[in-house]
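Accompanying notes for the structure given below.
The values are calculated or read from the model by the stated rules, or taken from the named source; none is laboratory data. Remember, predicted model here, so these are calculated numbers, not experimental data. As a convention, Cβ positions derive from the backbone with ideal geometry for all residues, glycine included, and neighbour counts pool all protein chains shown.
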Amino acid sequence: MKVLEFFKNQIQNDLPSFDNLSEGLELVLPQIQKHSKSLEDEEIEFRNKKWRELRDDINFVERVLHVFKPDGSYLHIVDGNIYTGKWEFSLGGMIIQMGDRHEFFEIGFYNDDFFILEKNCSSVQGKSYLFLSRESIVQHRDWSELVEQLYEMHRGHVQYLYIILVVIAITIMVLFFSFY
């Protein structure tokens, strides 16, 4: 019976509560990173997509888009106003340049719907995230709903794995007992 309880708990495992975007991503990213695609693969196309930025700041009402062009140019679009810069892969991460400002991000997670960049800050600030999603995914949802969607993606993979394990176990038991 403990085995069945274990599988039940794993399948019903809910995301712990979190108060802000950093906390939510710190809970979810370790779970989903194994499902991340590589950005340096030429076949993976994060370029030329409009990535919508989400923040947990209630005063953040602007519509901010990020576009990474294949030639290394970068568009930062705030409420229709376009600011240009450059991006490049370097030092095991991504450098984004806007004017005199250069920022280094490590890749937190990437799939066709989400693009999460992680910036290590001072120990006082902790980690800072640039949380981007395809605009069609965002619609009228807030950042917390999208963090939960990321977690559900992980949970779906875990549930699928446990279902396969249960089917294999039942098959083995049926085969074992069919010989007696």
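Contact map, segment 127-145: first residue surrounded by 19 or more Cβ atoms within 10 Å (Cβ to Cβ), second residue part of a loop (DSSP other than H, G, I, E, B), Cβ cut-off under 8 Å, separation 6 or more or different chains; pairs are 131/55; 133/113; 143/55; 143/56. Filtering segment 20-31 for residues that are at pLDDT 85 or above and surrounded by fewer than 10 Cβ atoms within 10 Å (Cβ to Cβ) leaves an empty set. The selection criterion, being at pLDDT below 80, surrounded by fewer than 16 Cβ atoms within 10 Å (Cβ to Cβ) and more than 23 Å from residue 152 (Cα to Cα), holds for residue 41.
Okay, residues lined up against (1) surrounded by 16 or more Cβ atoms within 10 Å (Cβ to Cβ); (2) on the phi < 0 side of the Ramachandran plot; (3) touching a Leu at 6+ places or on another chain (Cβ under 7 Å); (4) hydrophobic (A, V, I, L, M, F, W, C):
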position	(1), (2), (3), (4)
45	no, yes, no, no
51	yes, yes, yes, yes
55	yes, yes, yes, no
63	no, yes, no, no
67	yes, yes, yes, yes
71	no, yes, no, no
86	no, yes, no, no
98	no, yes, no, yes
